[in-house]
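Below is one structure, written out as structure tokens; the observations come after it.
The values are calculated or read from the model by the stated rules, or taken from the named source; none is laboratory data. None of these values were measured; they are calculated from a predicted model. So basically every Cβ, Gly included, is an ideal-geometry build from the backbone, and we count neighbours across all protein chains shown. When the accessible area is computed, the model is the full protein with side chains, heavy atoms only, and any ligands, DNA or RNA have been set aside. Shrake-Rupley method; radii C 1.70, N 1.55, O 1.52, S 1.80 Å.
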Amino acid sequence: MMNKYAAEFVGTFWLVLGGCGSAVLAAAFPGLGIGLLGVSLAFGLTVLTMAFAIGHISGCHLNPAVSVGLWAGGRFEARDLLPYIVAQVLGALAAGGVLYIIASGKPGFDVAAGFASNGFGAHSPGGYSLLAALVCEVVMTAMFLVIILGATDERAPKGFAPIAIGLALTLIHLISIPVTNTSVNPARSTGVALFAGGWAIEQLWAFWVAPLAGALLGAVVYRVIGARER
């Protein structure tokens with residue numbers, strides 16, 4: 001079982017370092033910045049690559065909301081839920097620490113700029129309200145779970161689930177970065193918020209509540225539409 005937890009730690013570390021790292025280090029790099037499209041693709045690529053690397057070990061959840069959604073969808077045992085979430089959060093925090101060390105090596109670095117944290121209101125990239133942020137995170141996470149549950153269903157085409165899931169996360173970021181900087185993952189939000197401090201920690205609750213609620217909703221939706229005909 002420790003192999004599974006270690007895999008979730010490493011996988012979530014890669015997701016936060018790759019995704020948030022692209023936002024902090026490369027999104028606005030002078031002349032060569034990758035922008036919203038590049039950051040969206042980076043998040044998708046972290047999941048796609050890790051799904052192939054550790055999917056056979058732990059299932060490659062990398063996200064407390066995904067673990068909760070898979071449990072609610074009947075694909076994951078409750079006894080592993082808390083250890084998975086702990087491993088994911090620790091992996092995200094480790095990545096946040098590594099990213100902080102790298103980013104702070106540049107003169108003028110200021111963690112107060114947000115450090116790829118998720119936010120609403122004045123801290124939303126597009127100035128979106130709390131209600132808009134909550135709705136966005138719930139719906140995006142719900143759809144993410146529908147895609148995960150569908151792509152990994154035994155009736156789905158074999159071997160393509162990592163591609164579908166990685167592209168889904170890319171699309172989710174393309175839609176929702178302007179609203180919340182995109183969470184759909186409480187571990188990802190926590191991993192950078194604790195280094196950003198201040199408002200990022202104050203608003204962190206929303207990026208636990210909304211993704212977890214969305215995951216439960218997505219599991220219910222897939223149980224309905226994915227039910228076998230009798």
Subject >> Residue pairs meeting the criteria (Cβ under 6 Å; at least 6 apart or on separate chains; first open to solvent by less than 10 Å² (accessible area, probe 1.4 Å), in the range 58-70; second at pLDDT 95 or above and among the polar types (S, T, N, Q)) >> reply: 62/12; 63/185; 64/88; 65/141
Subject >> Filter result for the condition that a residue is free of Cβ contacts under 8 Å to residues at least 24 places away in the same chain and surrounded by 15 or more Cβ atoms within 10 Å (Cβ to Cβ), over 164, 213 >> reply: 164
**OP:** Among the helices (runs of 4 or more DSSP H) lying completely within the range 24-112, list those that include at least 1 residues that are farther than 30 Å from residue 154 by Cα and out of contact with any Cys (no Cβ under 7 Å at 6 or more places or on another chain).
**Re:** 35-58, 81-103
Original post:
If you scan the range 33-57, which residues turn out to be buried (at least 22 other Cβ atoms within 10 Å of the Cβ) and either in contact with a Phe, Trp or Tyr (Cβ under 7 Å, 6 or more places away or on another chain) or more than 21 Å from residue 10 (Cβ to Cβ) (or both)?
Top reply: 39, 40, 46, 50
Original post:
Listed residues 189, 183; which is part of a loop (DSSP other than H, G, I, E, B) and in contact (Cβ under 8 Å) with a residue 60 or more places away in the chain?
Top reply: 183
